[in-house]
1. Could you say which residue among Cys58, Cys85 is farther than 20 Å from Glu131 by Cβ and at pLDDT 85 or above?
2. Tell me, yes or no, whether the range 84-94 has at least one residue that is exposed (fewer than 15 other Cβ atoms within 10 Å of the Cβ), out of contact with any Lys or Arg (no Cβ under 8 Å at 6 or more places or on another chain) and in a loop (DSSP other than H, G, I, E, B).
3. Can you report the number of residues in the range 66-81 which are under 13 Å from Arg142 (Cα atoms) and touching a residue at least 12 places away in the same chain (Cβ under 8 Å)?
4. Taking the residues in the range 105-152 that are assigned to a helix (DSSP H, G or I) and surrounded by 14 or more Cβ atoms within 10 Å (Cβ to Cβ) as candidates, determine which candidate is modelled with the lowest pLDDT.
Amino acid sequence: MSPGGRGDNRGNRRRHFRRQQQEKNPSVPVDANDNKSAEHPRWIQPKPHIDAAPAPECPYCGKPIKDLSLAISDKNSDKAVHFDCIIARLSQGENLEPGDVISYLGGGRFGVVHFGPSQNSQGFTIKKIFEWENKENRAEWRQAISEQFSVT
């Protein structure tokens, strides 16, 4: 018996099985150095699709948007805009009281959020909501981003 306790003919049975497979279908080559038959190709990881696209300019500040995944669509033109530029624009148009901040609420919406006088930020009130991104129309630049993140 071998040290594994399985007997010496374990490998012989496997080779015998491979010979049977070869006899059934002689057109399929069997590589003696490979543990798997040539019928089952190995999985090859796809190469990411990275195009060196120029960074678009933010219509609000004129600076390039280096990371499109952090941008948001403009309310009127669907162009990519810096997240901070939108918050700055909304802050200029609002009369904020002490404890009020402009915050992203999710789903393409911003809001005026009021935090209470306590030290922790658990208690807050949403005073006003701004619908910013159009949920029905998906901007073209978002499609290009989703293709880069989803390569399979």
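The values are calculated or read from the model by the stated rules, or taken from the named source; none is laboratory data. Because the structure is predicted, anything quoted here is derived from the model rather than measured. Cβ placement follows ideal geometry from the backbone for every residue including glycine, while neighbour counts extend to all protein chains displayed.
1. Working: Cys85 fails: farther than 20 Å from Glu131 by Cβ.
Every option except Cys58 fails the conditions.
2. No, the range 84-94 has no match at all.
3. Taking the range 66-81 first, the residues under 13 Å from Arg142 (Cα atoms) are 67-74, 78-81.
Filter once more, so that each one left must be touching a residue at least 12 places away in the same chain (Cβ under 8 Å): 68-74, 78-81.
Total satisfying the criteria: 11.
4. Applying the first criterion (assigned to a helix (DSSP H, G or I)) to the range 105-152 yields 140-149.
Still in the running and surrounded by 14 or more Cβ atoms within 10 Å (Cβ to Cβ): 141-142, 145, 148.
On the way: Trp141: 78, Arg142: 76, Ile145: 69, Gln148: 62.
Checked the range 105-152; the qualifying residue modelled with the lowest pLDDT is Gln148.
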